[in-house]
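A short worksheet on the structure shown next.
The values are calculated or read from the model by the stated rules, or taken from the named source; none is laboratory data. On a predicted model such as this, the values are computed, not experimentally measured, just so you know. Using ideal geometry, Cβ is built from the backbone for each residue, glycine included, and neighbour counts are taken over all protein chains shown.
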Amino acid sequence: MTTTAVRDNSNIRLFGLFMIKRLVQAAVVIAIVSVIVFLLLQALPGGPARGILGQAATPAQIEAFNHEMGFDLPLIQQYFNYVSQWLTGNLGRSFVMNEDVSSLIAQRLPKTLILAIAAVGGALLVSIPLGMAQALRRNKPFDYIITGINFVVYSTPSFFLGLLLIMFFAQLLGILPASAPQGNTVGEILAQPKEMVLPALTSGLAGVATFSRYMRSSTIDNLHEDYVRTARAKGTAMKRVVARHVLRNSLTPVVTMLGYYLPVMFGGALVVEQLFNYPGMGLLFWNAAQTTDFPVLLGCILVISLATVIGSLLADITQFILDPRSRGGVK
Amino acid sequence: MSETTKNPTAPATPARSSEAAMSPTRRAVRQFFSNKLAVLGTAILVALVLFSFVGPLLYPTEQVSTNLMASNLTPGEQGHVLGTDGLGYDVLGRLMVAGQTSILVGLAAGVLATVIGTLWGSIAGYAGGWVDAVMMRIVDAGIAVPGIFLLLVISAIVRPSESMMVLIIGLVSWLVPARLTRAEALSLKTRDYVLAVKATGGSNTRAVVRHIIPNTIGTVVVNATFQVADAILLIAYISFLGMGLQPPATDWGAMLSEGISSVYSGAWWLIFPAGIAIVLVVCAFNFIGDGLRDMFDVRGQQ
Amino acid sequence: MNQNPTPESTRRARRAAEPAEVALQVSDLEVDFVTKNRTVNAVRGVSFEVNRGEVLAVVGESGSGKTITSLAALGLLPSTARTRGSLQVAGHQVLGSPDSMMDTLRGNVVSMVFQEPMTALNPSMKIGAQIAEAILNHTEASKAQAHERAVSLLEKVGIPDPAGKARNYPHQLSGGQRQRVVIAIALACNPAVIIADEPTTALDVTVQAEILELLRQLVRETNTALVLITHNMGVVADLADRVVVMKSGLVVESGPAFEVLRTPTDPYTQALLAAVPKLPQMQLEQREVSAPTVPDAQEAPRRAAGEEILVMGEVCVDFTSGTRKIRAVDHAELVIHQNQIVGLVGESGSGKSTLGRVPLGLVPLSSGRVELFGQDISGLSRRALRRLRSRLGIIFQDPGGSLDPRMTLGDSIAEPMIMHRKELADPGRGFRERRVAELIDAVRLPKDTALRYPHELSGGQRQRIGLARALALAPKLLIADEPTSALDVSVQDEVLTLLLELQQEHGFGCLFISHDLAVVHSVCDSVSVMRQGQVLESGPAARVLTDPQQDYTRQLLASVPSPDPEAQALRRQARRELLALGSEGK
């Protein structure tokens, strides 16, 4: 049955409402993450002092440290101290590396982001057409083969995949270097494209498997929609229907999923950076885990969570732009 | 069969009594076995389980104490079918033992994650309102932190035993099933047959237990298989990062991690068997999960 | 021929006598669907033709093959289809034509209007662009020209503010407006024939009347042929010049609409027409004609009213959507007595379903008084409320969703008994099984149905099971929310007859919610008319539906098409006058 239409609301007002709602949600999520991180800090055996000073510290040193750092204050107060520190960009100090955590992260994060962009960008470029092609040739040999390959790639741990790639391209063929770009600044990293290929490939292949599966099922769903039939009934050739109508509508769920893919990607970064010795956040985190450098560990978690939340927000915004229905403003 | 006024794209056909007389479960099982990939996955899984659990009975090897005298042997030497590793462990035998760990821990962790996630998600979805909002924000927060990072931090504090590993992975992985189940519960909650229960004086418990949960089983089971697959991968990653189980306990991921240093020495038997084993088992679970998903989808469309 | 030639029949006869230009010609069309398991013969030899400026109705129930025929005309059959025979649009042979050829014909020589306006348009593309696409596909026009033409088309199909609407997205338009857009797309290239497949089935009855008026006008202005596929005899009577009746892939009767609708020769057609519930003529319409021409509309049998079982007073239901508060029900009053069937009618958004859910506790009550079986429910404990609700039965509209697909039908029917076994003093499984068997028998289904699953049954059969379940605890009040709206006409007739018989036997009160006024007339003792959350009018069904007090009710009644062409012509005229009066008063 029909519904009565409501007067069209201006897009700007809708966007405003939407942003407020999402920002509030994001803030709540970040707050919860901060609590988790704080609790983790408290959960360390021997308390945070032990974590920071290390195993060799004497009880007296620990007590002095606790008092100085305010660890003997009530929990709630400590939490608020932390939050106010974090809000001003102070993530603590790494006693192992003798540097501020925030500056360490500021150095390493851009490099991880470059790798991520290269990996995801490449993955999308391949998987979107691939997924669509599969959908259009559903249940034909092409579809089965690609699905099979996707399964195998998806089931392969990334370090094994990376290993195989190194063995094939670096050792056997010798055309690509086996270790990642090294350097302190972003510029230095970008100047070594050849070194970037294998790490990006390793990171990206798993993404191709996931994204193309999503694209495939999204395209299949859209191909069955009524509006495709209407477009055909207008005399639009099938190819054009796919390009003009189906593509845009099929992209929406994939884009939304991208936002949720960020944590997976950061997790993957850990492994890939360790394998290729790439000086990004992942390697920083791993080194910190080896040396139980807790300020670094927790600072990284906080920053990555923040990045993930922002990523989800961006994905939601993109969906708002791509899918007019999601904007609301109708009864 | 349909007498509705909606337009069919293919003509209505009368229900064939022999086919229709089966319960939904039996029809579903038949559907599953007609999916070649799913059958292949099941076969691979069965083979690997037999290999890991029955194998050591047929090919017993020493997997606890090391034997440095017989280390780094090539396949075939001294009766070691796949050679030995740096500590003298027989590789083939180690594969079997590692398989037990990978599969068992993966299964347990996957199931744990699914159980927690399903309960959380169904309650959130069915309750709705602010209960739902709060529960899902917690899930969002959990998802925001990549599981591996949390795992690493915890492992840095205390090297986990097998059961701790199950617990930790389960606690990190329940978030995705929670989301999925919540979506299912939300959609099922508005079905007429659920409303009928409430409308004629039935309790919420009855609605959830008798109608919502049985109808989400499809999603839950499908998701469980994927969770197991992911758990096995997660264990492999942890072991690769050196934070996994303590030796002499091992899993395929740890074997692979140790083998990586052999990349340049050409000792392929330290790398490929373990890697391929992981790929096979995860693939198997993914195939099965996919087959299960198709099976439940078709029934939903009827 | 008929006794007194009326203006309507003369008009139609005159048109039939004009020199014809064949727009669509179907000869011995056969369509099979071939899958690896079996072959289905959907269309088994169908022939008809349509001329320009003519409206041909293709009537049938589901499975008749009418939709398949229309898809064949556009070359949009699935790949499993095999066709034989001939199908020509304006002289071009369609069957066996390559896709490239069909692309030039579709939207250009032959175009189609589909049933579901809500999903027919691309949600992420502007309206104007979607119309322009049809033009750009087939003409040399520039983008700007195509867009201009799109705007003028929007105006032609009666969309207010066409230039503004062209920049909107589909979700910003109502269902009726979207259907007009689809019609605009179909018209864009002046096709020889437009095929409309159930174009108004998904629309409210007043919107339907508008769209039918639009189609009539467009056919006249553009001289396009219109093939109208429908199951609704009233729509046929309103619009069609000729009729083709299909059953199981064959044509069982064809001829001028006048003849087929008034004096059908084929038993299937006769049965179909007999099963259609008819509304009696309104006072307004009887002015012109001396003798009533409608066969006596069946009235609900007289029933003696018992005590009050449901009293709703000043009931308000509010929903919050985001930041806005929407009032779905606005100070509504409703009273139901024992042994009475009370109809609640309205279009979508009227609040009738919401009001019906209030006694069931499925929607929150913002304010007002509800007395169920003499007790005010606001003061009751949860347990007492549950006990009270055990005397309610409910049937829903969608046969597909009303039964748990994982439970056997017997279990579904027995569930109310299990839920309330404490009150029934737990009679045990034996008693329940016997009762289930009784109920299945009462709804005229075979005994073994108890062991089957919902997917094995047809829609009508599932509704019967729904009835059985609703009656499991011998309810005093049955709430039926559009129970037959999703069913074919003949099946609807069976289910309604069953409902009436069961009511006769058990004497329960019933709240019958429907958008179909004719059905309400044939079933209900009294009727309440709702609009935008308010109850506008209430009273005995016979009175409200023939001599309504409110303008809206009159308009509603005038919009329901009658299956008698003569009566429908009068009704149409009455509706036009009502609308003219309404707009004058503003």
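Rundown of residues vs (1) crowded, with 20+ Cβ neighbours inside 10 Å; (2) of a type in the set (A, V, I, L, M, F, W, C), yes/no style:
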residue: C:Tyr453; (1), (2): yes, no
residue: C:Ala474; (1), (2): no, yes
residue: C:Ala480; (1), (2): yes, yes
residue: C:Pro483; (1), (2): yes, no
residue: C:Phe508; (1), (2): yes, yes
residue: C:Gly533; (1), (2): yes, no
residue: C:Pro540; (1), (2): no, no
* **Subset of the range C:355-392 [hydroxyl-bearing (Ser, Thr, Tyr) and free of Cβ contacts under 8 Å to residues at least 40 places away in the same chain]** => C:Ser378, C:Ser381
* Number of positions in the range B:208-247 that are at the interface with another protein chain (Cβ under 10 Å from one of its Cβ atoms), more than 20 Å from B:Trp174 (Cβ to Cβ) and either hydrophobic (A, V, I, L, M, F, W, C) or without any contact (Cβ under 8 Å) to a residue 24 or more places away in the chain (or both) -> 8
* Structure fact -> Restricting attention to the range A:240-253, the residues that are buried (at least 18 other Cβ atoms within 10 Å of the Cβ) and at pLDDT 85 or above number exactly 7
* Would you call B:Gly201 in contact with a Ser or Thr (Cβ under 6 Å, 6 or more places away or on another chain), under 28 Å from B:Gln100 (Cα atoms), surrounded by 23 or more Cβ atoms within 10 Å (Cβ to Cβ) and at the interface with another protein chain (Cβ under 9 Å from one of its Cβ atoms)? -> no
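If only one of C:Leu385, C:Leu334 is more than 24 Å from C:Leu556 (Cβ to Cβ), away from chain A (no Cβ under 14 Å) and hydrophobic (A, V, I, L, M, F, W, C), which one is it? Full working, then the answer.
Values: C:Leu334 fails: more than 24 Å from C:Leu556 (Cβ to Cβ).
The unique qualifying residue is C:Leu385.
Mind checking which residues of the range A:226-282 are of a type in the set (A, V, I, L, M, F, W, C) and within 30 Å of A:Glu188 (Cα to Cα)?
Listed by number, the residues that qualify are A:Leu258, A:Leu262, A:Val264, A:Met265, A:Phe266, A:Ala269, A:Leu270, A:Val271, A:Val272, A:Leu275, A:Phe276, A:Met281.
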* Can you tell me which residues in the range B:42-78 are in a loop (DSSP other than H, G, I, E, B) and exposed (fewer than 12 other Cβ atoms within 10 Å of the Cβ)? -> B:Val54, B:Pro60, B:Val64, B:Ser65, B:Gly76
* To do: Spot the failing condition for A:Leu176; the list is (1) modelled with pLDDT under 75; (2) not in a helix (DSSP H, G or I), and only one is missed.
  => (1)
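Condition first: among the polar types (S, T, N, Q) and closer than 14 Å to C:Ser490 by Cβ. Now tell me which residues in the range C:233-273 satisfy that.
The first filter runs over the range C:233-273 and keeps only residues among the polar types (S, T, N, Q), leaving C:248, C:254, C:263, C:265, C:269-270.
Of everything in the range C:233-273, those that are among the polar types (S, T, N, Q) and closer than 14 Å to C:Ser490 by Cβ turn out to be C:Ser248, C:Thr269, C:Gln270.
Which of the residues spanning the range A:261-310 are aromatic (Phe, Trp, Tyr) and in contact with a Leu (Cβ under 8 Å, 6 or more places away or on another chain)? Full working, then the answer.
At the first step, the residues of the range A:261-310 found to be aromatic (Phe, Trp, Tyr) are A:261, A:266, A:276, A:278, A:285-286, A:294.
Hits for the range A:261-310 are A:Phe276, A:Tyr278, A:Phe285, A:Trp286, A:Phe294.
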* surrounded by 18 or more Cβ atoms within 10 Å (Cβ to Cβ), over 30 Å from C:Leu272 (Cβ atoms), facing another protein chain (nearest Cβ under 9 Å) and basic (Lys, Arg) - does that describe any residue in the range C:131-151? -> no
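Could you please let me know if C:Lys165 is under 29 Å from the mean Cα position of the chain (by Cα), basic (Lys, Arg) and away from every other protein chain (no Cβ under 14 Å)?
Working: under 29 Å from the mean Cα position of the chain (by Cα): yes; basic (Lys, Arg): yes; away from every other protein chain (no Cβ under 14 Å): no.
In short, no.
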* Structure fact -> Of the residues in the range B:258-282, those that are at the interface with chain A (Cβ under 9 Å from one of its Cβ atoms) and hydroxyl-bearing (Ser, Thr, Tyr) number 1
* Any residue in the range A:217-239 that is more than 14 Å from chain C (Cβ to nearest Cβ), part of a helix (DSSP H, G or I), modelled with pLDDT of 85 or more and surrounded by 18 or more Cβ atoms within 10 Å (Cβ to Cβ)? -> yes
* **In the range C:73-113, the residues that are surrounded by fewer than 16 Cβ atoms within 10 Å (Cβ to Cβ), away from every other protein chain (no Cβ under 14 Å) and at negative phi** => C:Arg84, C:Ser86, C:Gln93
* Structure fact -> Residue count, the range C:462-483, condition at pLDDT below 90 and more than 13 Å from C:Leu502 (Cβ to Cβ), comes to 1
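Give the residues of the range B:156-178 that are buried (at least 19 other Cβ atoms within 10 Å of the Cβ), of a type outside the set (S, T, N, Q) and either within 13 Å of chain A (Cβ to nearest Cβ) or in a helix (DSSP H, G or I) (or both), sorted by residue number. Walk me through how you get there before you give the answer.
Start the filter on the range B:156-178 by keeping residues that are buried (at least 19 other Cβ atoms within 10 Å of the Cβ), which leaves B:156, B:160, B:165-166, B:168-170, B:172-178.
Then keep just the ones that are of a type outside the set (S, T, N, Q); that gives B:156, B:160, B:165-166, B:168-170, B:172, B:174-178.
B:Ala156, B:Met165, B:Val166, B:Ile168, B:Ile169, B:Gly170, B:Val172, B:Leu175, B:Val176, B:Pro177, B:Ala178 - these are the residues of the range B:156-178 that are buried (at least 19 other Cβ atoms within 10 Å of the Cβ), of a type outside the set (S, T, N, Q) and either within 13 Å of chain A (Cβ to nearest Cβ) or in a helix (DSSP H, G or I) (or both).
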